[in-house]
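**Q** If you scroll down you'll find the structure; I have some questions about it.
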Amino acid sequence: MCEVWWDDYRFILIDTGGLETKPEGHINERVQEQAEMAVSDADVVVFMTDVTDGLTPTDHLVVDRLRRTFKPVILTVNKVDNESRELSAAEFYQLGFDDPLLISAYHNLGVYQLMERICALLPYPEEPTEEEAEDPAAGALNLAIVGRTNVGKSMMLNSILGEERSIVSPEAGTTRDALDTAFSYDGNDVVLVDTAGIRRRGQVQRGIEQYSVIRAVNAVSRSDITLLVTDATEMATAQDAHIAGLAWDMCRGLVVVVNKWDLARDGDRYAQHRAEARVKTRLHFMPYVPVCFTSALHGQGINVVMRTVLELRQERSRFVPARELQYMLADALASHTPPPVKRRPRERLFISRVRQVGVNPPTFLFTVNSPDLVHFSYQRYLENRIRDTFGFDRTHLRLVFKRQ
Ligand code: GDP
């Protein structure tokens, strides 16, 4: 699953685990459930078949099912990388599509056409409003609440929207979607995205271990900041790490909330430190992530969560003047010159300039002699220098390296 930018289009690509028609075991059933959920949430479906398997009865059945969803479907035949395979691919016309797309994902053949076809089926992207274009941090803060079933999302939602807060009606034009809830928190306009999803899940699917990753991805992608709610009795699971990874990939802000803290057994004064360490071990790729502790049941800790969210937002909207960045760079280069890169020992990385080119997340553009010479560890070093010098403690930072 990833976020894709193609021309002006931005969409989320979900790779399902294959649609089996006769699930034999538990895993298959789950894969199928997720695949079906993905299809039901999708705007466009790419049905991928394999020329080396030939046309199978399963392909027919899957197409039959996909037709019933009335979603636009693009049929692709993969692994077509020579002429004889091109001939074999002809049998896929039997599936009744006008124009199956022959591709070879491995050799990157036909992928461009596939992307063009996908985009042609998507609504034309909206232009950002003038206000958004000028300052993406202006306007309402979009906040998503995600997490597994039963961790307490709907209860948290109610706590956040507690009686004292004024809920803004959607007519005010603050929400983009009828599923969202706009409200004001300490004078800040906040839109909670996909609140209808949280409520519905809370009521209808209670008890069923169903984590709609797809729905969560949608919510994360529409948010500036995501609250990843976990349960004190289980802490961060692999699925939570997966969602956190998506927020990281999409450069969204993330706050981990450990809910049901009232049930935590190890109640001594260091318990929160230990719990925070456990979360951070799991989410090792984002050591800066803020962790908050709540008991939505008792309405405890909610204000700290909201304050953390607002502070994080402020940090993500900060802009560092070019001169200060240039000083930082000179200092960083002086105390640790870029080491030679393996296999290109005679070449050296030169960084001539750095400036901040964006916010939310703060984005820094380094002008270099050759972007290939930037080693991962040196990039991390520069990121840490920026963090330490300018006090970016809790947000994702984006570093971009461009040739002179
Ligand atoms: P959701 O599926 O994530 O929306 O979870 P719900 O908000 O529906 O809560 C699931 C269950 O956990 C309910 O029975 C709640 O009463 C309970 N719950 C939620 N928050 C807390 C909490 O902070 N402490 C305790 N002890 N129980 C909670």
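**Q** Can you list residues whose amide H is under 5 Å from residue 257's amide H, if they're 5+ apart or on another chain and H is modeled 1.01 Å from N?
**A** Hits under the 5 Å cutoff: 228, 229, 230, 292.
**Q** Arrange the following residues from fewest to most other Cβ atoms within 10 Å of their Cβ: 342, 402, 280.
**A** So the residues, fewest neighbours to most, are 342, 402, 280.
**Q** Straight-line reach from residue 402: which lysines fall under 22 Å, measuring Cα to Cα and dropping same-chain residues less than 8 apart?
**A** Excluding near neighbours in sequence, the set is 342.
**Q** Here's something else I'd like to know. How large is log10 I(q)/I(0) at q = 0.18, 0.24, 0.25, 0.26 Å⁻¹ when the Debye formula is applied to the Cα atoms of the stretch 331-404, each weighted equally and without solvent?
**A** After summing over all Cα pairs, the log10 values are -0.71, -1.19, -1.27, -1.35.
**Q** Further question: Let me check I've understood the local charge: for residue 256, count other residues with C-beta under 14 angstrom from its C-beta, Lys and Arg +1, Asp and Glu -1. What total comes out?
**A** +4
**Q** Between rounded, prolate and oblate, where does the stretch 2-121 land on the alpha carbon gyration tensor, with a ≥ b ≥ c its root eigenvalues, rounded for a/c under 1.5, else prolate if a/b exceeds b/c?
**A** Taking the square roots of the gyration eigenvalues as a ≥ b ≥ c, the stretch 2-121 is oblate.
**Q** Mind checking which lysines have their Cα closer than 30 Å to the Cα of residue 280? Skip sequence neighbours fewer than 8 apart in that chain.
**A** 153, 260
**Q** Moving on to the next point. Where does the charge balance sit around residue 373 when Lys and Arg score +1, Asp and Glu -1, over other residues with C-beta under 10 Å from its C-beta?
**A** 0
**Q** Can you list the lysines whose alpha carbon is less than 24 Å from that of residue 71, not counting same-chain residues fewer than 8 positions off?
**A** Within the straight-line cut-off, residue 71 pairs with 22.
Each value in this text was obtained by applying a stated rule to the coordinates, not by laboratory testing. Worth saying up front: this structure is predicted, and the values here are computed from it rather than measured. So basically every Cβ, Gly included, is an ideal-geometry build from the backbone, and we count neighbours across all protein chains shown.
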